[in-house]
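For reference, the structure discussed in these notes is given below.
The values are calculated or read from the model by the stated rules, or taken from the named source; none is laboratory data. A quick note: this is a predicted structure, and the numbers were derived from the prediction, not measured. When we count neighbours, we look across all protein chains shown, and the Cβ atoms used for this are built from the backbone with ideal geometry, even at glycine.
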Amino acid sequence: MMNRKLAQRYAELEDQLAAIAASLHTVHSEFTGTTQQVDSELLSEWIVKASNLLTKSCGAESEHFKAFIRAEKVVSFDTTFSLYKRVKSVFRAAKEDFEGGYLASVKSLVQAEVFDNELDQARELLSSGYQVASAVIAGVVLETGLRELCDRHSIAHGPIDKMNAELAKLGIYTKLQQKRITALADIRNSAAHGKPDQFNADDVKMMLRDVEHFLSQYLQD
């Protein structure tokens, strides 16, 4: 979902570049001579929106964002047209890398989209009365999230309980969070082993909520 929204925003801002380019006009001045300019208001608005997009899609510490910050700085004898050309070049480089999947944060964005889709599926199953299937899917999302968190902190994969203990031991999250994950894993195990009498629909609803909260808190870049 997030990945699609960012892709859509890149396309929208690309279209807006054309509107800025269409505003190109010649200005005559006794001090600077003849210069080419674009609409300064349109350009300023676009720069703010593009900066926000690059922060979300590339990261504030990325080379793309740093290059954009450098490009938007006005230098001596600058014109709005020369500024436009600089920021456009950086933006298009970031857009190409984003669409090609070459940004470090894209993996997380795509994964977040997969998680969202799977949790949505689990919610649909729960609302239709299939609480066992819903709990199983939520458990898979939880385990996948724990594996990703272990990868980020150089922890070996293993059973949920082992990964959970290692992450808490390193201080990645609190003992309280560890206990919550243990409780979620218990529901998942009961569902996976055909023991629906050990949990109810409210337990699964809580599970979905807590898994989503865990992902948003610990796996967002």
>> If I filter the range 2-19 down to residues being polar (S, T, N, Q) and more than 19 Å from THR80 (Cβ to Cβ), which single residue comes out as modelled with the lowest pLDDT?
In response: ASN3
>> Given the criterion in a helix (DSSP H, G or I), of a type outside the set (S, T, N, Q) and modelled with pLDDT under 80, identify the matching residue among VAL110, VAL48, VAL90.
In response: VAL110
> Can you spot a residue in the range 129-150 that is exposed (fewer than 14 other Cβ atoms within 10 Å of the Cβ) and more than 27 Å from the chain's Cα centre (by Cα)?
Replying inline: yes
> Which of the residues belonging to the range 165-185 are under 24 Å from GLN121 (Cβ atoms) and surrounded by 16 or more Cβ atoms within 10 Å (Cβ to Cβ)?
Replying inline: ARG180, ILE181, LEU184, ALA185
> Can you tell me which of VAL140, VAL204 is under 30 Å from ARG4 (Cβ atoms) and in contact with a Ser or Thr (Cβ under 6 Å, 6 or more places away or on another chain)?
Replying inline: VAL204
> Could you count how many residues in the range 18-48 are out of contact with any Phe, Trp or Tyr (no Cβ under 7 Å at 6 or more places or on another chain) and either surrounded by 13 or more Cβ atoms within 10 Å (Cβ to Cβ) or of a type in the set (Ser, Thr, Tyr) (or both)?
Replying inline: 15
>> Can you tell me how many residues within the range 60-69 are of a type in the set (D, E, K, R) and either in contact (Cβ under 8 Å) with a residue 12 or more places away in the chain or surrounded by 11 or more Cβ atoms within 10 Å (Cβ to Cβ) (or both)?
In response: 2
>> Any residue that is in contact with a Lys or Arg (Cβ under 6 Å, 6 or more places away or on another chain), without any contact (Cβ under 8 Å) to a residue 60 or more places away in the chain and assigned by TED's automatic domain parsing to the domain that holds LEU126 - is there at least one of those in the range 194-201?
In response: no
> Do we find a residue being modelled with pLDDT under 95 and hydroxyl-bearing (Ser, Thr, Tyr) anywhere in the range 211-220?
Replying inline: yes
> When the range 6-26 is examined, which residues are found to be free of Cβ contacts under 8 Å to residues at least 24 places away in the same chain and farther than 25 Å from SER57 by Cβ?
Replying inline: ALA22, SER23, HIS25, THR26
